[in-house]
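A.B. asks: Let me begin by handing over the structure; questions about it come next.
The values are calculated or read from the model by the stated rules, or taken from the named source; none is laboratory data. None of the values given here were measured: they were computed from a predicted structure. Backbone-built Cβ (ideal geometry, glycine too); neighbour counts: all protein chains shown.
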Amino acid sequence: MSVSHSGAQLQVERLLSLLPYLLSHPNSRLADVAELFGVTERQLLRDLNVLWFSGLPGLAMGDYIEVDMEAVEGEGVISVSNADYLARPLRLGTDEALALIVALRTLAAMPGSYDRGAIDRAIGKLERAAGSAAERAADVRVEVDGDSVADVAATIRRALDDKRRLRLSYWVPGRDETTERDVDPMRLALADGRLYLEGWCRRAEAERLFRLDRITAIEVLDVPAAVPPQARIRDLSAGIFQPSPDDELVTLEVTPAGRWVAEYYPCESVSEVAGGGLVIKLRVSDRRWLRRMVLRLGGTGRVVDPPDLAAEVVADAHEALAAYDEPPA
Amino acid sequence: MTQAKSERLMNLVICLLVSRGYVPKSRIRQVVGGYGDQRTDAFERMFERDKEELRELGIPIESGSFDPFGDEEPGYRIRRRDFELPEISLEPDEAAVVGLAARVWQHVSLAEATSRAMLKLRAAGVETDTRALAAIEPRVAVEEPAFWPLWEAVRDRRPVTFSYRKDPPSRAGRRRLQPWSVLSWHGRWYVVGHDLVRGGPRLFRLSRIVGDVRPDGDAGSYDVPPPDEVRRAAGALAPPRQSATARVRVRQGSGYGLRRRATGCRTGGDGWDELSVPYSDAGVLAEELAGYGADVVALEPDDVRKRLVERLHGVVGEVA
């Protein structure tokens, strides 16, 4: 579907940024430039060679772009001249304007990420610089649940900036409980359109993720944050839900109306059954969470394995039904 | 060979940029290194391909001539003001936030587009601080393969066709769409546009598109309605207004999800509270209440209570 570019096209695209960069950053180190442009030094040398053979029409003496090849080979620095006609890079393309402006607008919707004034000004400048290429940027949008958690996000941001500990009340739906934790904040993250605090939970003595809309109370303590050196930020690129292979394996069977479970949670296996239903295997770290989920599924899903878990859920339902004085059919 | 071709392309760009007026093809052939030793038809083909490749990079090559009588051979030029990135300078805080924006996309093509944009800014002397604010992690994932072709269709205003599975048991149906906008909600991507078969605005979830999204018409063949209308069409994503209120008994020390949005709470002496809980759909509320098991009892209205009891019977495996 996308046009794929030829080797020369990609090289020329790079050269049109490389040349103005080198003109405005004289004596840059070869290694630094290669890293910045995401190419090997060998490729960069080939790029410089192309520049060396380019110049004004007619290519008479004095028309060529000058590249000090001795300095390149000797001290490993790059110096170019005689190319003022390409002192500025090419304008932003539609995809480039889109990627940058939509990213900035996403940040604007993420409270606590950055000063809103700076974001708005940056967007304005980029829109002006991109001209008509920026028109389509309004056609892609990332919705962020920001407004309802703006205050919580601002508090967390203060704690991050001042490197202070936080005390928060956090609601865990799976266990239907709200607990108080002291957390040393590590970072504020956006994942799946929601905001999370990643921090070192002093009670659990481990890294934890807290969804901002589940924080029911929060305050910055007058205690310096002490995130231990072994604390690791989690790679959220795989998603928020990251079941461990040590968690219990549960098998569910769902009707067509219950298929959303497979779309919503990371499952170990999903197989179709006759009638449009599914058999789903997933890893569960806390049975209480799963019991609540199966209660919500009602007749659209049931636990197949392990049988004692299936029995627990049925017992939960009986207990709830007792309040309605309705005899079983 | 790539090097020779790149040289020729660079020389062509430089020629068209620096020359006053339109440069006729015959002159280009003479002065741009790399075209010289060609038979005419080979030169023609090569030149056409070169022009196309440069235009694909976003280089604005214009054709025309200054001769109103059309006697002069038409030529080509690149106007500097259409080619160059305009002047732009960023304050330190603006530079920091642009550096942060560079980390947002977790999608190859978008991340690459961002990198190219950042390189152009650096090349123009605009320093952005890419190491800023490690404490903020703004990531937007795009896992759906349908995203890029749909973005291109939106960009080019080109209709598309695709197979869509709305209700899983039913077979996928073929759709034709004039896409207006692509948006992400809670980590999932959607496209909203004018459904050409059903006639009217529709919203589609990208993860339910089966197979490829294929172009199905000309670029620029439709207009996108004003933002308000597009937003309305995407309104199905927003949580519905909660217009009704249910009365629910909740055991003390539990039911936090309900307590947080309850509009009223009467504390009982028997270890239970009575909450007023707003809701929009009885079935959706009943499903939510079921999850609380015996910690919650629905009192009113009747249809919420009935649906909840039905759901619980469903778990037990009995017909209510």
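A.B. asks: Picking from B:160, B:142, which residue would you name as being in contact with a His (Cβ under 9 Å, 6 or more places away or on another chain), at pLDDT 85 or above, more than 9 Å from chain A (Cβ to nearest Cβ) and crowded, with 19+ Cβ neighbours inside 10 Å?
C.D. replies: Matching residue, one of B:160, B:142: B:142.
A.B. asks: Right, here's the next one. How about region B:59-87: which of its residues are of a type outside the set (Asp, Glu) and buried (at least 18 other Cβ atoms within 10 Å of the Cβ)?
C.D. replies: Of everything in region B:59-87, those that are of a type outside the set (Asp, Glu) and buried (at least 18 other Cβ atoms within 10 Å of the Cβ) turn out to be B:59, B:61, B:75, B:76, B:77, B:78, B:83, B:85.
A.B. asks: Under the condition of being surrounded by fewer than 21 Cβ atoms within 10 Å (Cβ to Cβ) and more than 9 Å from every other protein chain (Cβ to nearest Cβ), which residue from region B:165-179 is modelled with the highest pLDDT? Steps first, please.
C.D. replies: First pass over region B:165-179, keeping only residues surrounded by fewer than 21 Cβ atoms within 10 Å (Cβ to Cβ): B:165-174, B:176.
Retained after the next criterion (residues that are more than 9 Å from every other protein chain (Cβ to nearest Cβ)): B:165-166, B:171-174, B:176.
Values: B:165: 85, B:166: 77, B:171: 73, B:172: 78, B:173: 88, B:174: 92, B:176: 97.
That would be B:176.
A.B. asks: When only residues in region B:154-206 that are of a type in the set (Gly, Ala, Ser) and assigned to a loop (DSSP other than H, G, I, E, B) count, which is farthest from the chain's Cα centre (by Cα)?
C.D. replies: Of region B:154-206, the ones of a type in the set (Gly, Ala, Ser) are B:163, B:170, B:172-173, B:181, B:184, B:187, B:193, B:199-200.
Next cut, assigned to a loop (DSSP other than H, G, I, E, B) only: B:170, B:172, B:187, B:199.
Details: B:170: 27, B:172: 23, B:187: 12, B:199: 23 Å.
Among those residues, the one meeting the criterion is B:170.
One line per residue, one yes/no per condition, for (1) within 23 Å of residue B:185 (Cα to Cα); (2) of a type in the set (Ser, Thr, Tyr); (3) surrounded by 15 or more Cβ atoms within 10 Å (Cβ to Cβ); (4) in contact (Cβ under 8 Å) with a residue 24 or more places away in the chain:
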| residue | (1), (2), (3), (4) |
| --- | --- |
| A:208 | no, no, yes, yes |
| A:220 | no, no, yes, yes |
| A:236 | yes, no, yes, yes |
| A:242 | yes, no, no, yes |
| A:246 | no, no, no, no |
| A:264 | yes, yes, no, no |
| A:269 | no, yes, no, no |
| A:283 | no, no, yes, yes |
| A:310 | no, no, yes, no |
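A.B. asks: Which of (1) buried (at least 22 other Cβ atoms within 10 Å of the Cβ); (2) in contact with a His (Cβ under 8 Å, 6 or more places away or on another chain) does residue A:142 not meet, given it meets every other one?
C.D. replies: (2)
A.B. asks: Ok, one more. Looking at B:239, B:301 in this structure, which one is away from chain A (no Cβ under 12 Å) and within 42 Å of the chain's Cα centre (by Cα)?
C.D. replies: B:301
A.B. asks: Let me ask something additional. Given B:228, B:270, B:223, which one is touching a residue at least 12 places away in the same chain (Cβ under 8 Å) and either touching a helix residue (DSSP H, G or I) at 6+ places or on another chain (Cβ under 6 Å) or of a type outside the set (Ser, Thr, Tyr) (or both)?
C.D. replies: B:223
A.B. asks: Identify, from the list A:220, A:270, A:254, the residue that is among the hydrophobic types (A, V, I, L, M, F, W, C), in contact with a Gly (Cβ under 8 Å, 6 or more places away or on another chain) and at negative phi.
C.D. replies: A:254
A.B. asks: Sticking with this one: Given the condition of a type outside the set (Gly, Ala, Ser) and within 11 Å of another protein chain (Cβ to nearest Cβ), answer yes or no: does some residue in region B:270-279 qualify? Steps first, answer last, please.
C.D. replies: Of all residues in region B:270-279, those of a type outside the set (Gly, Ala, Ser) come to B:270, B:272-275, B:277-279.
Checking the rest, the ones that are also within 11 Å of another protein chain (Cβ to nearest Cβ) come to B:272.
Yes, region B:270-279 has at least one match.
A.B. asks: Please go through region B:294-320 and pick out each residue that is out of contact with any strand residue (DSSP E or B) (no Cβ under 8 Å at 6 or more places or on another chain), of a type outside the set (Lys, Arg) and buried (at least 22 other Cβ atoms within 10 Å of the Cβ).
C.D. replies: If the condition is that a residue be out of contact with any strand residue (DSSP E or B) (no Cβ under 8 Å at 6 or more places or on another chain), of a type outside the set (Lys, Arg) and buried (at least 22 other Cβ atoms within 10 Å of the Cβ), then B:312 is the only one that fits.
A.B. asks: When you scan region A:105-128, how many residues do you find that are small (Gly, Ala, Ser) and buried (at least 23 other Cβ atoms within 10 Å of the Cβ)?
C.D. replies: 3
A.B. asks: Given the criteria closer than 28 Å to residue A:88 by Cβ, touching a helix residue (DSSP H, G or I) at 6+ places or on another chain (Cβ under 7 Å) and either at the interface with chain A (Cβ under 10 Å from one of its Cβ atoms) or charged (D, E, K, R) (or both), does residue B:127 qualify? Steps first, answer last, please.
C.D. replies: Numbers: closer than 28 Å to residue A:88 by Cβ: yes; touching a helix residue (DSSP H, G or I) at 6+ places or on another chain (Cβ under 7 Å): yes; either at the interface with chain A (Cβ under 10 Å from one of its Cβ atoms) or charged (D, E, K, R) (or both): yes.
The answer is yes for residue B:127.
A.B. asks: Inside region B:100-110, can you point out the residues that are more than 8 Å from chain A (Cβ to nearest Cβ) and in a helix (DSSP H, G or I)?
C.D. replies: B:108
A.B. asks: Taking only region A:52-82 into account, find how many residues are assigned to a helix (DSSP H, G or I) and either within 14 Å of chain B (Cβ to nearest Cβ) or among the hydrophobic types (A, V, I, L, M, F, W, C) (or both).
C.D. replies: Counting residues in region A:52-82 that are assigned to a helix (DSSP H, G or I) and either within 14 Å of chain B (Cβ to nearest Cβ) or among the hydrophobic types (A, V, I, L, M, F, W, C) (or both) gives 4.
A.B. asks: Can you tell me which residues in region B:78-99 are without any contact (Cβ under 8 Å) to a residue 60 or more places away in the chain, outside any loop (DSSP other than H, G, I, E, B), out of contact with any Phe, Trp or Tyr (no Cβ under 6 Å at 6 or more places or on another chain) and within 7 Å of chain A (Cβ to nearest Cβ)?
C.D. replies: Residues satisfying the conditions are B:84, B:93, B:94, B:98.
A.B. asks: Continuing with this model, one more query. Going through region B:57-72 one residue at a time, which ones are among the charged types (D, E, K, R) and at pLDDT below 75? Break it down into steps so the answer makes sense when it comes.
C.D. replies: If we filter region B:57-72 for residues that are among the charged types (D, E, K, R), which is where we start, we get B:62, B:67, B:71-72.
Across region B:57-72, the qualifying residues are B:67, B:71, B:72.
Each row is one residue, and each column tells you yes or no for (1) at pLDDT below 95; (2) of a type in the set (Asp, Glu); (3) under 25 Å from the mean Cα position of the chain (by Cα); (4) closer than 18 Å to residue B:135 by Cα.
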| position | (1), (2), (3), (4) |
| --- | --- |
| A:220 | no, no, no, yes |
| A:224 | no, no, no, yes |
| A:230 | yes, no, yes, yes |
| A:235 | yes, yes, yes, yes |
| A:242 | yes, no, yes, no |
| A:252 | no, no, no, no |
| A:256 | yes, no, no, no |
| A:261 | yes, no, yes, no |
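A.B. asks: Would you confirm whether or not region A:16-37 contains a residue that is more than 9 Å from chain B (Cβ to nearest Cβ), more than 30 Å from residue B:212 (Cβ to Cβ), without any contact (Cβ under 8 Å) to a residue 40 or more places away in the chain and surrounded by 14 or more Cβ atoms within 10 Å (Cβ to Cβ)?
C.D. replies: Checking region A:16-37: at least one residue is more than 9 Å from chain B (Cβ to nearest Cβ), more than 30 Å from residue B:212 (Cβ to Cβ), without any contact (Cβ under 8 Å) to a residue 40 or more places away in the chain and surrounded by 14 or more Cβ atoms within 10 Å (Cβ to Cβ).
A.B. asks: So how many residues does region A:312-326 have that are surrounded by fewer than 21 Cβ atoms within 10 Å (Cβ to Cβ) and free of Cβ contacts under 8 Å to residues at least 24 places away in the same chain?
C.D. replies: Total meeting the criteria: 9.
A.B. asks: Follow-up. Return the only residue of B:251, B:232, B:259, B:214 being under 30 Å from residue B:161 (Cα atoms) and either within 12 Å of chain A (Cβ to nearest Cβ) or of a type in the set (A, V, I, L, M) (or both).
C.D. replies: B:214
Yes or no, residue by residue, for (1) among the basic types (Lys, Arg); (2) surrounded by 20 or more Cβ atoms within 10 Å (Cβ to Cβ):
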{"position": "A:152", "(1), (2)": "no, yes"}
{"position": "A:166", "(1), (2)": "no, yes"}
{"position": "A:169", "(1), (2)": "no, no"}
{"position": "A:187", "(1), (2)": "yes, no"}
{"position": "A:194", "(1), (2)": "yes, no"}
